[in-house]
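*Asks:* Quick one: structure below, then a few questions.
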Amino acid sequence: MGEFLAEIKCRIRETSMSLQAAQSAGDDFLADAHLSELEDLHRIAARNGIDPESA
């Protein structure tokens, strides 16, 4: 579970940064895509007993 935990945290962090960059650039389409991916990652984390807010 350690490798999965590290990977999901990394993906959440990277996707959050990409979302912020897209929003700053005014790219609504890309921001929506990153938001959707982030929501999916949070669901996957929660399904595996990981608190997405701490990830």
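The values are calculated or read from the model by the stated rules, or taken from the named source; none is laboratory data. All of these numbers come straight from a predicted model, not from anything done at the bench. Reconstructed Cβ throughout: ideal geometry from the backbone, glycine too, with neighbour counts over all protein chains shown. Just the protein is used for accessible areas: all its heavy atoms, side chains included, with ligands, DNA and RNA removed. Shrake-Rupley method; radii C 1.70, N 1.55, O 1.52, S 1.80 Å.
*Asks:* In percent, how large is the relative contact order of the chain, given Cα pairs closer than 8 Å and 6 or more residues apart?
*Replies:* Reported relative contact order: 40 percent.
*Asks:* Taking a probe of 1.4 angstrom, what is the accessible area of D32 in Å², to the nearest 10?
*Replies:* We get 100 Å² for D32.
*Asks:* Would you mind checking the stretch 1-23 for residues with the amide N under 20 Å from a putative spin-label position 7 Å along Cα→C-beta of S36?
*Replies:* 11-23
*Asks:* Over the chain, give the accessible area per residue in Å² for a 1.4 Å probe, as an integer.
*Replies:* About 69 Å² of surface per residue is accessible.
*Asks:* Treating the beta-carbon of each Lys and Arg as +1 and of each Asp and Glu as -1, no other charges, what is the dipole magnitude of the chain about its Cα centre, to the nearest 20 debye?
*Replies:* The dipole magnitude comes to about 200 debye.
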